[in-house]
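Below is one structure; the comments refer to it alone.
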Amino acid sequence: MLPRIGAHLSLSRGGLGAAAERARELGADIFQYFPKNPRSYRPKAIDRAELGRQADRAGELGLPSVAHSPYVTNLSTLDERLARLTRDSIVNDLEIAEAYRSPYLVVHCGRYVGAGAAAGREAMIEAVRDILARYQGPCHLLLENTAGQGTELGQTLSELADLVAAINAGRDDERLGICFDTCHAFAAGILDFDELDAFVAEWQRTGMEKLVRVIHLNDSKFGFGSHKDRHEYLGKGQIGRENLTRFLTRPEFRRIPWLIETPVAAEEEYAEEIRVARELATMGGAKEGDQQDE
Ligand SMILES: [Zn+2]
Ligand SMILES: [Zn+2]
């Protein structure tokens, strides 16, 4: 069985219902979206009835959705004003995602900038705790692993697992999880496709089977350990078709939905990206019994 496969679509062309319709045309069975302008953290007013109608349309089409927070927030900032804007914005995103009945909101781990990694980590723990205390709804918050570009936190699986444990501090809030991005992990130098057995062992050791709810499936423009976050079309980057096939045919990664965020010039190109993902996932190395998808 293959998991649900989809891509990042825009809500600017008719909202979530229209995005679900386009997702269906592209051959997707799930999709991701920005709940508001990705360059803005100004909280957006929520018309729950209207968002509910949009969610009904997506539901009729059988298309679940995942929200992705705007990039401008920084969970690790020590700047009081930016910290407040970040928290308010993410709480607002969770509320929008809930109104759209999306089960998950993805956020990037913080950047500590001049504060140092330890202070940045403390600030991020405090910020996420505050967000989950203020937002009491069912939407899960997923922390995304990073390429380690600049001063980004959250590069390794053990660092992510530690962050989750520190944020929860024994309370085990199951709304906190992880989004795993293949491009970021490759660029961070933690996903070596020649050592996939070791990677899977680390995945299990750090509890990722339980924590990871979404995989961002992207190729990388730059090399292993480059610490550069630049996505590339599937199979056309430094990861390549063979490595992607190895990854996608492992049962551990086939229980989690795959969302593609490759740098397409137009949304229509995601039809081909989704087709490539399905093709690679059913190639050579696929285990017996894995082929009877849909
Ligand atoms: Zn991503
Ligand atoms: Zn990225």
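The values are calculated or read from the model by the stated rules, or taken from the named source; none is laboratory data. Bear in mind the structure is a predicted one, so any value in this text is a computation, not a measurement. Note: ideal-geometry Cβ built from the backbone for every residue, glycine included; neighbour counts use all protein chains shown. Heavy atoms of the whole protein, side chains included, go into the accessibility calculation; ligands, DNA and RNA do not. Shrake-Rupley method; radii C 1.70, N 1.55, O 1.52, S 1.80 Å.
Checking residue 222 against (1) out of contact with any Cys (no Cβ under 8 Å at 6 or more places or on another chain); (2) within 14 Å of ligand 2 (Cβ to nearest atom); (3) open to solvent by less than 30 Å² (accessible area, probe 1.4 Å): exactly one of these is not met. Which one?
(3)
Residue 235 fails exactly one of the following numbered conditions: (1) open to solvent by less than 30 Å² (accessible area, probe 1.4 Å); (2) within 13 Å of ligand 2 (Cβ to nearest atom); (3) closer than 23 Å to residue 4 by Cα. What is the number of that condition?
(2)
Pairs, please: C-beta under 8 Å, at least 6 apart or cross-chain, first residue small (Gly, Ala, Ser) and in the stretch 201-229, second part of a helix (DSSP H, G or I) and more than 16 Å from ligand 2 (Cβ to nearest atom)?
The qualifying pairs are 207/161.
Name the residue that is nearest to ligand 1 (Cβ to nearest atom), counting only residues in the stretch 114-161 that are of a type in the set (Val, Ile, Thr) and part of a loop (DSSP other than H, G, I, E, B). Give the derivation first.
Keep residues of the stretch 114-161 that are of a type in the set (Val, Ile, Thr), which gives 125, 128, 131, 146, 151, 156.
Now narrow it down to the ones that are part of a loop (DSSP other than H, G, I, E, B): 146, 151, 156.
Values: 146: 9, 151: 18, 156: 16 Å.
That would be 146.
When you go through 57, 39 one by one, which is the residue that is exposed (fewer than 15 other Cβ atoms within 10 Å of the Cβ) and either modelled with pLDDT under 95 or touching a helix residue (DSSP H, G or I) at 6+ places or on another chain (Cβ under 6 Å) (or both)? Quick ask: steps written out before the conclusion?
Numbers: 57 fails: exposed (fewer than 15 other Cβ atoms within 10 Å of the Cβ).
Within the list 57, 39, the selection yields 39.
Name every residue in the stretch 227-249 that is more than 15 Å from ligand 1 (Cβ to nearest atom) and either part of a strand (DSSP E or B) or of a type in the set (S, T, N, Q) (or both), in order of residue number.
238, 243, 245, 249
Yes/no matrix, rows are residues, columns are (1) open to solvent by 20 Å² or more (accessible area, probe 1.4 Å); (2) modelled with pLDDT under 95:
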site: 90; (1), (2): no, no
site: 94; (1), (2): no, no
site: 107; (1), (2): no, no
site: 122; (1), (2): yes, no
site: 132; (1), (2): no, no
site: 137; (1), (2): no, no
site: 142; (1), (2): no, no
site: 165; (1), (2): yes, no
site: 171; (1), (2): yes, yes
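Among the residues in the stretch 180-189, are any open to solvent by less than 40 Å² (accessible area, probe 1.4 Å), on the phi > 0 side of the Ramachandran plot and not aromatic (Phe, Trp, Tyr)?
Quick first cut of the stretch 180-189, residues open to solvent by less than 40 Å² (accessible area, probe 1.4 Å) only: 180-189.
If we keep only those that are on the phi > 0 side of the Ramachandran plot as well, we get 189.
From what's left, not aromatic (Phe, Trp, Tyr): 189.
Yes, the stretch 180-189 contains a residue that is open to solvent by less than 40 Å² (accessible area, probe 1.4 Å), on the phi > 0 side of the Ramachandran plot and not aromatic (Phe, Trp, Tyr).
Go through (1) more than 16 Å from ligand 2 (Cβ to nearest atom); (2) over 14 Å from the mean Cα position of the chain (by Cα); (3) within 28 Å of residue 247 (Cβ to Cβ) and name the single condition residue 137 misses.
Unmet for residue 137, out of (1) more than 16 Å from ligand 2 (Cβ to nearest atom); (2) over 14 Å from the mean Cα position of the chain (by Cα); (3) within 28 Å of residue 247 (Cβ to Cβ): (3).
Condition check: acidic (Asp, Glu), out of contact with any Leu (no Cβ under 9 Å at 6 or more places or on another chain), away from ligand 2 (no atom under 16 Å from the Cβ) and not in a loop (DSSP other than H, G, I, E, B). Does residue 252 satisfy that?
On the way: acidic (Asp, Glu): yes; out of contact with any Leu (no Cβ under 9 Å at 6 or more places or on another chain): yes; away from ligand 2 (no atom under 16 Å from the Cβ): yes; not in a loop (DSSP other than H, G, I, E, B): yes.
Considered against the rule, which asks whether it is acidic (Asp, Glu), out of contact with any Leu (no Cβ under 9 Å at 6 or more places or on another chain), away from ligand 2 (no atom under 16 Å from the Cβ) and not in a loop (DSSP other than H, G, I, E, B), residue 252 comes out as yes.
Mind checking which residues of the stretch 180-218 are more than 11 Å from ligand 2 (Cβ to nearest atom), among the charged types (D, E, K, R) and not in a helix (DSSP H, G or I)?
192, 213 - these are the residues of the stretch 180-218 that are more than 11 Å from ligand 2 (Cβ to nearest atom), among the charged types (D, E, K, R) and not in a helix (DSSP H, G or I).
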